[in-house]
Amino acid sequence: MADPSAPASTDVDALTGKPTTGHEWDGIRELNTPLPSWWLYTFYATILFALVWVVLYPSLPYVRGITGWTARGAIGQAIEAERQRTEPMLARIRAATPAAIAADPALRTFALAGGRVAFANNCAPCHGAGGQGAPGGFPSLADDDWLFGGGFDDIEFTIRHGVRNGEDADARGVAMPAFLSSGLSQAEIADLAAFVLKLSASTADAAAAQRGAPLYEENCAVCHGANGEGNREMGAPRLDDRIWLYGGDKASIMHTIAFSRAGVMPAFAGRLDAATINMLTVYVHALGGGE
Ligand code: HEC
Ligand code: HEC
């Protein structure tokens with residue numbers, strides 16, 4: 001192959017003995033230094049590579065390349081392959097009950113992995129990334145304190161129907177009355193708050209708590225139990241532990257009694273398929289003290 005950068009002139013520089021290009025500016029002459037051949041051949045190789053690439057793969061607008069490969073197509077295939085890989089497992093998970101899934105090591109492992117992803121997508125905004133709950137009425141799912149119950153059936157029911165959402169007739173949770181507008185005075189509410197604090201063995205004004213006791217008996221025991229043990233049928237929280245949905249200081253408790261609270265959770269039965277709900281149930285059950 002002829003060297004394309006061969007000297008255009010036969011002029012040779014006296015000082016270096018190298019040929020010049022024949023160009024001269026004010027007596028300064030340009031030496032002819034050819035590109036190193038390794039560089040040149042690498043350059044030709046990249047051109048060849050690009051030509052082959054253009055023929056094989058989509059590179060120009062509207063030109064597909066003879067292999068027919070596309071990045072979008074490759075992802076589609078990977079998704080389809082993943083679907084085919086997981087479908088037999090998902091079919092078994094769909095057909096089984098959460099309790100049966102948890103008892104089968106292979107299904108359980110699969111359900112915990114799938115449940116973790118579904119939880120991050122659907123539940124974490126309210127219940128926290130690890131199910132630890134959030135202030136303002138979002139209960140921890142990672143402890144053994146349950147509002148409605150921590151058995152497989154209880155958890156599945158809560159996920160399917162949600163809580164006080166007005167969209168599902170079977171949604172859980174009764175409404176607590178707002179006692180300020182239904183007959184109790186501020187002073188009585190303060191006494192009740194003191195009594196609630198005493199129930200949970202927190203520091204409370206003993207005289208106020210004593211005044212609150214009969215008020216509690218009359219207004220609250222029907223839902224929260226005579227000793228604050230709670231009622232799962234109604235979703236009335238225990239008041240005899242120190243686990244609070246809305247805060248355990250006197251002001252928060254007074255606010256709850258005066259204006260009531262109504263935590264809402266959507267129903268997921270129409271939003272998630274049966275396999276996902278089963279996996280979520282197994283995952284939530286495993287998070288804390290499932291019963
Ligand atoms: C919009 C916020 C929100 C989202 C999203 C949400 N939850 Fe809830 N969840 C709540 C609230 C609020 C409560 C408690 C309601 C109450 O005050 O009784 C609750 C209660 C629960 C309970 C009952 C806990 C007990 O102690 O009995 C379970 C179980 C539960 N959620 C699971 C889930 C799962 C699983 C998801 C995702 C599929 C989810 N939640 C999504 C707000 C939410
Ligand atoms: C009709 C049943 C019902 C009655 C009566 C009732 N409650 Fe409640 N109470 C509930 C429910 C249900 C909740 C949970 C609300 C929620 O999760 O949003 C609750 C929540 C609370 C909380 C918040 C607990 C926490 O973890 O933050 C306190 C405190 C409380 N009630 C005190 C009282 C007191 C004191 C009375 C009587 C004056 C009373 N309740 C009467 C049903 C009732």
Checklist entry - Does at least one position in segment 136-145 carry a residue that is surrounded by 14 or more Cβ atoms within 10 Å (Cβ to Cβ), part of a loop (DSSP other than H, G, I, E, B) and either touching a strand residue (DSSP E or B) at 6+ places or on another chain (Cβ under 6 Å) or without any contact (Cβ under 8 Å) to a residue 24 or more places away in the chain (or both)? => result no
Checklist entry - Within segment 176-194, is even one residue outside the structural domain of G248 (by TED's automatic domain parsing), within 16 Å of ligand 1 (Cβ to nearest atom) and in contact with a strand residue (DSSP E or B) (Cβ under 9 Å, 6 or more places away or on another chain)? => result yes
Checklist entry - Looking at segment 56-86, which of the residues that are in a helix (DSSP H, G or I) and surrounded by 12 or more Cβ atoms within 10 Å (Cβ to Cβ) is farthest from the chain's Cα centre (by Cα)? => result L56
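So which residues in segment 274-291 are part of a loop (DSSP other than H, G, I, E, B) and surrounded by fewer than 17 Cβ atoms within 10 Å (Cβ to Cβ)?
Within segment 274-291, G289, E291 meet the criteria.
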Item to check | Boolean, R271 is among the charged types (D, E, K, R), closer than 21 Å to F119 by Cβ, assigned to a loop (DSSP other than H, G, I, E, B) and within 11 Å of ligand 1 (Cβ to nearest atom) | outcome: yes
Checklist entry - Is it the case that segment 244-251 has a residue that's under 26 Å from the mean Cα position of the chain (by Cα), hydrophobic (A, V, I, L, M, F, W, C), crowded, with 16+ Cβ neighbours inside 10 Å and within 10 Å of ligand 1 (Cβ to nearest atom)? => result yes
Checklist outcome for this item: Taking segment 118-135 and keeping only residues that are within 12 Å of V284 (Cα to Cα), out of contact with any strand residue (DSSP E or B) (no Cβ under 9 Å at 6 or more places or on another chain) and not in a loop (DSSP other than H, G, I, E, B), one is left with A118, F119, A120, A124
Item to check | Hits in segment 213-259 - residues which are within 16 Å of D191 (Cα to Cα), in a loop (DSSP other than H, G, I, E, B) and touching a residue at least 40 places away in the same chain (Cβ under 8 Å) | outcome: L239, G248
Checklist entry - Which of (1) away from ligand 1 (no atom under 11 Å from the Cβ); (2) at negative phi; (3) buried (at least 20 other Cβ atoms within 10 Å of the Cβ) is the odd one out, the single condition G228 does not satisfy? => result (2)
Checklist entry - In segment 173-212, which residues are in a helix (DSSP H, G or I), away from ligand 2 (no atom under 11 Å from the Cβ) and over 40 Å from the mean Cα position of the chain (by Cα)? => result Q186, A187, A206, A207, A208, A209, Q210, R211
Checklist entry - In segment 231-252, how many residues are closer than 18 Å to V174 by Cα and not small (G, A, S)? => result 10
Next on the checklist: I'm trying to understand the selection: among the residues of segment 159-177, which are closer than 15 Å to A236 by Cα and touching a helix residue (DSSP H, G or I) at 6+ places or on another chain (Cβ under 9 Å)?
Outcome noted: A171, R172, V174, M176, P177
Checklist entry - Can you tell me which residues in segment 151-167 are assigned to a loop (DSSP other than H, G, I, E, B) and modelled with pLDDT of 95 or more? => result G151, G162, R164, N165
Next on the checklist: If I go through segment 231-251 residue by residue, how many of them are closer than 14 Å to M176 by Cβ and in contact with a helix residue (DSSP H, G or I) (Cβ under 6 Å, 6 or more places away or on another chain)?
Outcome noted: 5
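The values are calculated or read from the model by the stated rules, or taken from the named source; none is laboratory data. Since the model is a prediction, treat every value here as computed from it, not as a measurement. Note that we place each Cβ from the backbone using ideal geometry, even for glycine, and neighbour counts take in every protein chain shown.
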